[in-house]
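Below: one structure, written as structure tokens.
The values are calculated or read from the model by the stated rules, or taken from the named source; none is laboratory data. As the structure is a prediction and not an experimental result, all values here were calculated from the model. Quick reminder, even Gly has a Cβ in these numbers, built from the backbone with ideal geometry, and neighbours come from all protein chains shown.
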Amino acid sequence: MSVVIRRSTGLANNREWDEWATLLDSVIYDSDAQRNKYDDIVTALTMEKTSKRWGEKSITMGGLGDFQAKTEGAAATQDEYEQGYEKFVEHATFALEVEISKELKDDNMLDDAKQKTINLVQAYKRTRARLATQAITNAVGAATTISFNGATIDITTGDGLALFNEAHLLKSVSGTTQCNYFSDVLGSTTAVLNKASNKMRNFKDDRGNVLGFLPDTIIMPGNDPEYEDFVKRVIGSDGEVGSNNNDINTQRGKWKLVVDPEWTPTISATNHPVILLSSEAAKAIQGTKFYDRTKLDIATDVDVHSRNLTYNGFARMSITHPNWRHVMMIGDANSSTTL
């Protein structure tokens with residue numbers, strides 16, 4: 001993460017706070033360096049990027065056409081990559097502040113002070129994870145934006161539709177749509193998982209070329225333990241799950257399971273949403289990107305009126321979906337399309 005701590009001039013050689021501030025700064029650096037579940041969520045769901053601008057634009061590209069036959073000595077047919085949809089995102093600013101009271105210091109409650117600064121770092125990491133989770137899991141159907149901690153977040157892809165939609169457009173092929181949003185629940189066998197994988201493999205780029213990417217990551221809500229147990233058996237069992245046959249389990253070794261505790265949809269008999277993601281596609285075709293414009297930046301100062309030590313956290317970040325072909329959602333009862 002590489003947190004930055006900026007001390008005010010008022011803290012320089014401050015007899016009252018200098019020693020404590022030094023100890024608390026060390027605690028912040030240690031907490032920031034320790035990778036936790038929030039960091040893992042962002043890494044699993046998105047491609048993490050840094051930015052040095054106020055916003056970022058992504059452009060998707062369609063593939064080349066096929067090689068064409070030519071006569072001896074003739075020039076080759078020239079072709080160009082075809083530009084797909086563009087997607088621009090502006091970074092949002094988030095901030096949070098904690099105070100270490102003079103009374104806390106006078107009473108030598110250093111452990112309590114340490115916990116406050118640790119919580120500031122964890123709140124920053126949790127904010128990143130919640131932004132990634134909400135911008136992805138709520139990007140369904142007719143939704144185009146979400147409200148997140150006071151900021152309006154665009155959750156559409158380059159075609160102007162939500163990340164998960166039943167009628168994604170192909171820029172260069174008129175009248176053709178594709179769906180990555182289905183109502184089929186996993187059930188108790190691997191049939192739906194196989195169908196979903198095949199569906200993603202046949203996604204086409206904006207020029208109409210089949211991409212051939214297979215999903216390799218299953219992202220599940222944190223409040224669906226029955227399906228979580230089933231998926232763990234599917235991806236870990238030697239034999240075919242739910243069967244007395246001696247057939248091999250064709251799903252074993254193909255999947256990484258990510259359980260996102262920040263995703264808690266309403267679970268019912270017909271609503272067990274699951275996201276399938278291709279990590280290869282995400283990198284190759286400009287999938288969901290999480291930008292850190294300004295990583296956690298903490299300013300410290302002593303308030304002359306209260307004589308408290310203040311830690312002010314500041315960060316700028318954004319998330320954007322230039323493409324949709326790296327993910328699909330299944331098991332959502334709000335979808336009217338089946339595999």
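Out of Ala167, Ala129, I need the residue that is modelled with pLDDT of 95 or more and within 30 Å of Arg316 (Cα to Cα). Which one? Can you show your working first?
Values: Ala167 fails: within 30 Å of Arg316 (Cα to Cα).
Being modelled with pLDDT of 95 or more and within 30 Å of Arg316 (Cα to Cα) holds for just one of Ala167, Ala129, which is Ala129.
Restricting Leu110, Leu104 to those that are over 14 Å from the mean Cα position of the chain (by Cα), farther than 20 Å from Cys179 by Cα and crowded, with 17+ Cβ neighbours inside 10 Å reduces the list to Leu104.
Restricting attention to segment 128-136, does a residue exist that is of a type in the set (S, T, N, Q) and under 14 Å from the mean Cα position of the chain (by Cα)? There is at least one residue in segment 128-136 that is of a type in the set (S, T, N, Q) and under 14 Å from the mean Cα position of the chain (by Cα).
Could you pull out the residue among Thr117, Thr93 that is buried (at least 17 other Cβ atoms within 10 Å of the Cβ), of a type in the set (S, T, N, Q) and either part of a strand (DSSP E or B) or more than 17 Å from the chain's Cα centre (by Cα) (or both)?
Within the list Thr117, Thr93, the selection yields Thr117.
Regarding segment 122-143, can at least one residue be identified that is closer than 29 Å to Met329 by Cα and part of a strand (DSSP E or B)? Checked segment 122-143: at least one residue is closer than 29 Å to Met329 by Cα and part of a strand (DSSP E or B). When Gln83 is tested against (1) of a type outside the set (Ser, Thr, Tyr); (2) touching a Phe, Trp or Tyr at 6+ places or on another chain (Cβ under 8 Å); (3) at pLDDT below 95, only condition (2) is not met. For beta carbons closer than 6 Å, sequence separation of 6+ or different chains, a first residue in segment 208-223 that is among the charged types (D, E, K, R) and a second that is surrounded by fewer than 23 Cβ atoms within 10 Å (Cβ to Cβ) and not in a strand (DSSP E or B), the qualifying pairs are Asp216/Ser279. Taking (1) without any contact (Cβ under 8 Å) to a residue 24 or more places away in the chain; (2) out of contact with any helix residue (DSSP H, G or I) (no Cβ under 7 Å at 6 or more places or on another chain) in turn, Gln178 satisfies each apart from (1).
Of the residues that sit in segment 26-39 and are assigned to a helix (DSSP H, G or I) and in contact (Cβ under 8 Å) with a residue 60 or more places away in the chain, which one is nearest to Met109 (Cα to Cα)?
Within segment 26-39, the subset assigned to a helix (DSSP H, G or I) is 26-33, 37-39.
Still in the running and in contact (Cβ under 8 Å) with a residue 60 or more places away in the chain: 27-28, 31-32, 37-39.
Details: Val27: 15, Ile28: 17, Ser31: 19, Asp32: 22, Lys37: 28, Tyr38: 28, Asp39: 30 Å.
Residue satisfying both the conditions and the ranking: Val27.
Applying the condition of being among the hydroxyl-bearing types (Ser, Thr, Tyr) and outside any loop (DSSP other than H, G, I, E, B) to segment 144-160 and asking which residue is farthest from Lys87 (Cα to Cα) yields Ser147.
In segment 3-25, the residue that is surrounded by the fewest Cβ atoms within 10 Å (Cβ to Cβ) out of those that are of a type in the set (D, E, K, R) and under 18 Å from Lys105 (Cβ atoms) is Arg15. Quickly run through segment 110-130 and pick out the residues that are within 18 Å of Thr22 (Cα to Cα), of a type outside the set (Lys, Arg) and touching a strand residue (DSSP E or B) at 6+ places or on another chain (Cβ under 9 Å). Residues satisfying the conditions are Asp112, Ala113, Thr117, Asn119, Leu120, Val121. Among the residues making up segment 318-339, those that are aliphatic (A, V, I, L, M) and crowded, with 23+ Cβ neighbours inside 10 Å are Ile319, Val327, Met328, Met329, Ile330. Pairing residues of segment 84-95 that are farther than 24 Å from Tyr124 by Cα with residues that are of a type in the set (A, V, I, L, M) and surrounded by 15 or more Cβ atoms within 10 Å (Cβ to Cβ), at Cβ distances under 8 Å and at least 6 apart in sequence or on separate chains, gives Gly84/Met61. Of the residues that sit in segment 178-192 and are modelled with pLDDT of 90 or more and hydrophobic (A, V, I, L, M, F, W, C), which one is surrounded by the most Cβ atoms within 10 Å (Cβ to Cβ)? Once the filter is applied, the top-ranked residue is Phe182.
Among the residues of segment 166-177, is there at least one that is surrounded by fewer than 20 Cβ atoms within 10 Å (Cβ to Cβ) and part of a helix (DSSP H, G or I)? Checking segment 166-177: not a single residue is surrounded by fewer than 20 Cβ atoms within 10 Å (Cβ to Cβ) and part of a helix (DSSP H, G or I).
The number of residues in segment 75-123 that are among the charged types (D, E, K, R) and under 30 Å from Asn308 (Cα atoms) comes to 11.
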